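Bear in mind that the values in this text are calculations on the coordinates, not laboratory data. No experiment lies behind these values; they were computed from the predicted model shown. Don't worry about glycine lacking a Cβ; one is built from the backbone with ideal geometry, like all the others, and counts go over all protein chains shown.
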Amino acid sequence: MRNEKITYRLHAVKRMFERKISAEEVRYVLETGEAIEEYPDDTPYPSRLIKGFYKGRIIHIVAANNCLDEEIIVITVYEPDPAEWDQECKKRIR
C-alpha cells in the first residue's frame with residue numbers, strides 16, 4: 001500500500017461497527033496482509049480477499065483498487081469463521 005487513500009463502502013462501515021474492527025486495524029491489515037483470493041471479474045474494479053493479523057486477531061478484508069484515483073475501496077471486513085476456513089484461514093472448507 002503506497003499513498004492510496006482508503007474509502008469504505010457503507011457495508012464495510014456497518015460490519016466494522018458490528019464486529020468491533022477499527023479503521024486502524026483495517027489499515028494495518030491492508031499494509032501487512034496477504035491476498036489469499038483474487039476476484040478479477042468484480043466490477044467496477046477487480047478485488048481480492050486479504051488475510052492479516054492485528055494483535056493476534058485474524059481479520060479478512062475484501063478490497064478493490066481504483067488505480068486511476070489511487071484509492072483502495074474496502075468492501076467488507078470480518079473475522080473468519082473457523083467452521084468455514086482451514087486452520088490457517090487461507091482456504092475455504094468446501
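Residue count for region 67-89 satisfying the condition of being surrounded by 14 or more Cβ atoms within 10 Å (Cβ to Cβ) and out of contact with any Ser or Thr (no Cβ under 8 Å at 6 or more places or on another chain): 6. Residues in region 14-64 that are of a type in the set (A, V, I, L, M, F, W, C), surrounded by fewer than 18 Cβ atoms within 10 Å (Cβ to Cβ) and in contact with a helix residue (DSSP H, G or I) (Cβ under 9 Å, 6 or more places away or on another chain): 23, 53.
The residues in region 40-67 that are touching a residue at least 12 places away in the same chain (Cβ under 8 Å) and within 19 Å of residue 86 (Cβ to Cβ) can be counted, and the count is 12.
Taking first residues from region 77-94 that are without any contact (Cβ under 8 Å) to a residue 12 or more places away in the chain and partners that are of a type in the set (Phe, Trp, Tyr), the Cβ contacts under 8 Å between residues at least 6 apart in sequence or on separate chains come to 92/85; 93/85. State which residue is farthest from residue 65 (Cα to Cα) when the search covers only region 1-23 and only residues that are without any contact (Cβ under 8 Å) to a residue 60 or more places away in the chain and outside any helix (DSSP H, G or I). Among residues in region 1-23 that are without any contact (Cβ under 8 Å) to a residue 60 or more places away in the chain and outside any helix (DSSP H, G or I), the one farthest from residue 65 (Cα to Cα) is 20.
The single condition among (1) basic (Lys, Arg); (2) surrounded by 13 or more Cβ atoms within 10 Å (Cβ to Cβ); (3) assigned to a loop (DSSP other than H, G, I, E, B) that residue 94 does not meet is (2).
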